[in-house]
1. Stick to the Cα atoms of region 137-180, pair each with every other, and give me the Kirkwood hydrodynamic radius in Å at one decimal.
2. What are the residues whose amide H is under 5 Å from the amide H of Tyr280, where those residues sit 5 or more places off or on another chain and H is modelled from the backbone?
3. Quick one: Debye curve from the C-alpha atoms of region 47-104, no solvent, what's log10 I(q)/I(0) at q = 0.26 Å⁻¹?
4. Would you please report the Å³ per residue occupied by the convex hull of the alpha carbon atoms in region 52-194?
5. Can you give me the orientation-averaged projected area of the convex hull built on the Cα atoms of region 192-309, in nm²?
6. Can you work out the accessible area per residue across region 104-197, with the rest of the protein chains kept in place, probe 1.4 Å, in square angstrom?
7. Any idea what % of Cα-Cα pairs in region 110-228 are farther than 16 Å?
8. With a sphere of radius 15 Å drawn around the Cβ of Leu172, what net charge do the other residues whose Cβ falls strictly inside it have (Lys, Arg +1; Asp, Glu -1)?
Amino acid sequence: LHLLSRRQRQMCIRDRFICISLLWSCTSVRDDTPILKFGIFADTQYADCPSENMRFYREALQKLDTCINCFNKENVQFTINLGDIIDRKNNDLNIIKSYLCRLNNEVYHITGNHDYKEVTDNSVLYRQLDMPSEYYWFKKGNWVFIMLNTNEVAAYANVNGTEKEQELTEMLDKIKQTGGKQGYRWNGGASRKQMEWLDHLLAECEGNKNNVLLFSHHPFYPFSEFTALNNVEILETISRYSCVKAVISGHHHAGAFGYYKGIPMITQEGMVETENQNAYSIVEITRDSILVRGYGRVPSRSFKYSNNQ
């Protein structure tokens, strides 16, 4: 540089600064580019019947259609249904599925308490929703998505005469003893077998240095009359594993949010509520953040996470 004029040196330094700035800018954009991008909706509760209170059952189809169009436009990689896709008639699943066929991506389902209406064989319901099992997981890159079934032990889920009936009695007795709020017929829980499966799966994810997102119909936290019957047991299990980055649930139509031992606990607002406001979200996972872009009644949120790699 000492052989150049002062003006040439200044221009050279300026050009180097611009190049460095451009490289930094490109790196920043690349770091913020989503690793994964997926859509979520909860509690559509479609039914061909008049509205009741703040639940507008027929309007759910138009809301779902708007949601589907948005997911297609935004090119989400897949979609998650958090349960209660219908309200009262099993045949209504055919109508809902005809709408979901318009999605340009795969849909992963979990069931909600209303989905069991008119169902006498739970396995039939799971087949109708193309679920591989009553609870399951799938993997996208280094992220494991765990789809829990908090309807497994519930008064509405055909447990009479099975070992799960005794588990239900034990859960309800424990809620009474501890002064819990959630001992209602519309709530359910996860069986001992499912809890063992969850614990084993999370230990495996931790060992493999996977990052985990959990999904359920019933929320676990904040505590309310809508949380899963054995929410404390579930919380104690998942909070032992640093691989768990967030939990997303439905069921409580008003929505809720809180941190449990540092884990974001999101309860997504129900689509069926209110006449004109919709409720769905798009989740983007970047190198170090989880971004929830809410639509309608769903608020937007963002969380930093420590990569488990």
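The values are calculated or read from the model by the stated rules, or taken from the named source; none is laboratory data. This one's a predicted model, so the numbers in the text were calculated from it and none came from an experiment. We place every Cβ from the backbone using ideal geometry, glycine too, and count neighbours over all the protein chains shown. Just the protein is used for accessible areas: all its heavy atoms, side chains included, with ligands, DNA and RNA removed. Shrake-Rupley method; radii C 1.70, N 1.55, O 1.52, S 1.80 Å.
1. Final number for the Kirkwood radius of region 137-180 is 12.5 Å.
2. Here Tyr295, Arg297, Val298 satisfy the definition.
3. After summing over all Cα pairs, the log10 values are -1.17.
4. Values: hull volume 20.8 nm³, N = 143.
That works out to 146 Å³ per residue.
5. Dividing the Cα hull surface by four gives the mean projection, 7.3 nm².
6. Per residue, region 104-197 has an accessible area of 51 Å².
7. That fraction is 63 percent.
8. Once all neighbours under 15 Å are counted, the net charge is -2.
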